[in-house]
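Trainee: This is the structure I have questions about; it appears just below.
The values are calculated or read from the model by the stated rules, or taken from the named source; none is laboratory data. What you are looking at is a predicted structure, and each value in this text was computed from that prediction instead of being measured. A quick note on method: Cβ atoms are made from the backbone with ideal geometry, for glycine too, and the neighbour counts reach across all protein chains shown.
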Amino acid sequence: MSEVGAPPIGRTYLAPDAPFPADLTVLSLAELHVLHSRVGRQLEREYLGGASGAHPVTLERHQELTVELDAREIVDLQHAP
């Protein structure tokens, strides 16, 4: 996850201004899950933090990650015995 880098200590979320990989397909499944978790926690922070709701960048990142995870699951199911 070199493009994203390790979060600062204590940071389990990914702020909208933090780096995000341009190509999710190069990440391992574990890296993808970690990134999804961090974005999901950011969504929680944004929804709970104010009446304005989630930041558009966070919503877009969450959608991109969901699409990639779903695509990998579909591929795995197609190749299952």
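Trainee: When both residues are 6+ apart or on different chains and their Cβ atoms are under 9 Å apart, which pairs have a first residue that lies in segment 32-44 and is touching a residue at least 40 places away in the same chain (Cβ under 8 Å) and within 11 Å of HIS62 (Cβ to Cβ), and a second that is of a type in the set (Asp, Glu) and surrounded by fewer than 19 Cβ atoms within 10 Å (Cβ to Cβ)?
Mentor: Short answer, once both residue conditions are applied: none.
Trainee: Only residues that are hydrophobic (A, V, I, L, M, F, W, C) and surrounded by 11 or more Cβ atoms within 10 Å (Cβ to Cβ): list them for segment 36-59, please.
Mentor: Correct list: VAL39, LEU43, ALA54, VAL57, LEU59.
Trainee: Look through LEU59, LEU48, LEU69, LEU35 and report the one residue that is modelled with pLDDT of 95 or more, of a type in the set (A, V, I, L, M) and over 16 Å from PRO19 (Cα atoms).
Mentor: LEU69 is the lone residue from the list that is modelled with pLDDT of 95 or more, of a type in the set (A, V, I, L, M) and over 16 Å from PRO19 (Cα atoms).
Trainee: Any residue that is modelled with pLDDT of 95 or more, out of contact with any Phe, Trp or Tyr (no Cβ under 7 Å at 6 or more places or on another chain), hydrophobic (A, V, I, L, M, F, W, C) and exposed (fewer than 12 other Cβ atoms within 10 Å of the Cβ) - is there at least one of those in segment 13-25?
Mentor: Yes, because at least one residue in segment 13-25 is modelled with pLDDT of 95 or more, out of contact with any Phe, Trp or Tyr (no Cβ under 7 Å at 6 or more places or on another chain), hydrophobic (A, V, I, L, M, F, W, C) and exposed (fewer than 12 other Cβ atoms within 10 Å of the Cβ).
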